[in-house]
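Here's the structure we're looking at; comments come further down.
The values are calculated or read from the model by the stated rules, or taken from the named source; none is laboratory data. None of these values were measured; they are calculated from a predicted model. Virtual Cβ from ideal backbone geometry, glycine too; neighbours counted across all protein chains shown. Remember, those area values only see protein heavy atoms, side chains included, never the ligands or the DNA or RNA. Shrake-Rupley method; radii C 1.70, N 1.55, O 1.52, S 1.80 Å.
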Amino acid sequence: YRFPAQRKPFRHQYAAWRTLADHENPQSVLVTSGTGSGKTECFLFPILSDLTRQVEAQEGALEGVQALMLYPLNALIESQKLRLSAWTRPLNGKVRYALYNGDMEKSVPASQKQAERERVLDRETLRQSPPPVLVTNITMLEYMLARIEDQPIIEKSKGKLKWIVLDEAHSLVGAAAAEIALLLRRVLLAFDVRPEEVHFVATSATIGEGPDILERLKAFLAEIGGIPDAQVHVIEGDRQLPGRPS
């Protein structure tokens, strides 16, 4: 998972990084590109860059959820573990993350926590000291808003939420889209932030081409997040295949 300084990003990654770098006037993006084209790096680099700058300006670990990453399947949540650990481990526990699904243990031994300082392994620690990056699914997020035991996560994160990521956005159609839109409004109220203060990021497999498709995608994310269309940018990734020699 190393990303050497001399490596050049893909065009859609660079466009996403530039757009999401504006923290005074947060912008939102919908990245549509093929499978395996590096969509995760489009939002994970700006998020970790933001958190790392905060660590450099203060002492101690960051506490409170700043980035909420929503995945439709537990397998997709687990797939982020190696990447997140590789990129946050060098920060010695100052930037942590949690994979919050039904498999998370209630508590784990202190020795296990010490061995993985970059990752919150149990619900007990998650509630005592919420990490800045929380990877979860829609069901667990619903539970978190409703469960009394999880209220400390929200209380210690109030006013801090700056990133909401929706992976596999093309699966959100019809009732599912309406449900996630209403859920995110409840999330913003609970975390005490306004929509215009948050970077909304959605990733999707390639859906189609043409200005009509792009405008519809922009309107989709704007309605999901409750933000103006002008605050949303659709970024496309296209494969460039080499020409065959004559």
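Could you please tell me which pairs satisfy a Cβ distance under 6 Å, a separation of 6+ or placement on different chains, a first residue in the range 95-124 that is over 30 Å from PRO46 (Cβ atoms), and a second residue that is surrounded by fewer than 17 Cβ atoms within 10 Å (Cβ to Cβ) and acidic (Asp, Glu)?
SER107/GLU124
Can you tell which of ALA15, ALA75 is outside any loop (DSSP other than H, G, I, E, B), buried (at least 18 other Cβ atoms within 10 Å of the Cβ) and over 15 Å from the mean Cα position of the chain (by Cα)? Even if it seems obvious, please write down each step before you answer.
Numbers: ALA75 fails: buried (at least 18 other Cβ atoms within 10 Å of the Cβ).
Matching residue, one of ALA15, ALA75: ALA15.
For the range 80-138, how many residues are assigned to a loop (DSSP other than H, G, I, E, B), of a type in the set (Gly, Ala, Ser) and under 14 Å from ALA67 (Cβ atoms)?
Taking the range 80-138 as the starting set, the residues that turn out to be assigned to a loop (DSSP other than H, G, I, E, B) are 80, 92-96, 101-104, 106-109, 116-118, 121, 129-132, 137.
Cutting the leftovers down to of a type in the set (Gly, Ala, Ser) gives us 93, 102, 107, 129.
Checking which are under 14 Å from ALA67 (Cβ atoms) leaves us with none.
So the answer is 0.
Could you go through the range 83-102 and let me know if any residue there is at pLDDT below 90, more than 16 Å from VAL133 (Cβ to Cβ), open to solvent by less than 20 Å² (accessible area, probe 1.4 Å) and not polar (S, T, N, Q).
No, the range 83-102 contains no residue that is at pLDDT below 90, more than 16 Å from VAL133 (Cβ to Cβ), open to solvent by less than 20 Å² (accessible area, probe 1.4 Å) and not polar (S, T, N, Q).
Please count how many residues of the range 172-198 are in contact (Cβ under 8 Å) with a residue 40 or more places away in the chain and either assigned to a helix (DSSP H, G or I) or within 16 Å of the chain's Cα centre (by Cα) (or both). Talk me through it step by step, then tell me what you get.
So the first thing to find is which residues in the range 172-198 are in contact (Cβ under 8 Å) with a residue 40 or more places away in the chain, and the list is 172, 177, 179-181, 183-187, 190-191, 196-198.
From what's left, either assigned to a helix (DSSP H, G or I) or within 16 Å of the chain's Cα centre (by Cα) (or both): 177, 179-181, 183-187, 190-191, 196-198.
Summing the residues that are in contact (Cβ under 8 Å) with a residue 40 or more places away in the chain and either assigned to a helix (DSSP H, G or I) or within 16 Å of the chain's Cα centre (by Cα) (or both) in the range 172-198 gives 14.
Going through ASP122, ASP150 one at a time, which residue ends up being over 17 Å from the mean Cα position of the chain (by Cα), open to solvent by less than 10 Å² (accessible area, probe 1.4 Å), at pLDDT 90 or above and farther than 27 Å from ALA202 by Cα?
Only one candidate passes the filter, namely ASP122.
Could you check the range 21-70 and list, in sequence order, the residues that are surrounded by fewer than 19 Cβ atoms within 10 Å (Cβ to Cβ), among the aliphatic types (A, V, I, L, M) and within 15 Å of the chain's Cα centre (by Cα)?
If the condition is that a residue be surrounded by fewer than 19 Cβ atoms within 10 Å (Cβ to Cβ), among the aliphatic types (A, V, I, L, M) and within 15 Å of the chain's Cα centre (by Cα), then ALA21 is the only one that fits.
What is the number of the single condition among (1) under 24 Å from GLU41 (Cβ atoms); (2) open to solvent by 20 Å² or more (accessible area, probe 1.4 Å); (3) in contact (Cβ under 8 Å) with a residue 24 or more places away in the chain that PRO132 does not meet?
Among (1) under 24 Å from GLU41 (Cβ atoms); (2) open to solvent by 20 Å² or more (accessible area, probe 1.4 Å); (3) in contact (Cβ under 8 Å) with a residue 24 or more places away in the chain, PRO132 violates only (2).
Name, by its number, the condition in (1) among the hydroxyl-bearing types (Ser, Thr, Tyr); (2) part of a loop (DSSP other than H, G, I, E, B); (3) modelled with pLDDT under 95 that does not hold for SER157.
Result: SER157 fails condition (3) only.
As an exercise: evaluate ALA169 against (1) open to solvent by 20 Å² or more (accessible area, probe 1.4 Å); (2) closer than 29 Å to ARG96 by Cα; (3) aliphatic (A, V, I, L, M) and give the number of the one condition it does not meet.
Just one mismatch for ALA169, condition (1).
Would you point out the residue of the range 154-166, among those that are over 12 Å from the mean Cα position of the chain (by Cα) and charged (D, E, K, R), that is surrounded by the most Cβ atoms within 10 Å (Cβ to Cβ)?
We begin by selecting, within the range 154-166, every residue over 12 Å from the mean Cα position of the chain (by Cα); these are 154-160.
Subset that is charged (D, E, K, R): 155-156, 158, 160.
On the way: GLU155: 14, LYS156: 15, LYS158: 13, LYS160: 17.
Applying the filter and picking the extreme gives LYS160.
ALA202 versus (1) in a helix (DSSP H, G or I); (2) in contact (Cβ under 8 Å) with a residue 12 or more places away in the chain: which is the lone unmet condition?
(1)
Would the range 27-35 turn up any residue that is in contact with a helix residue (DSSP H, G or I) (Cβ under 7 Å, 6 or more places away or on another chain) and part of a helix (DSSP H, G or I)?
The answer is no; no qualifying residue exists.
Residue by residue, here is whether (1) in contact with a Gly (Cβ under 7 Å, 6 or more places away or on another chain); (2) modelled with pLDDT of 95 or more holds:
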residue	(1), (2)
LEU188	no, yes
GLU196	no, no
ASP212	no, no
VAL232	no, no
GLY237	yes, no
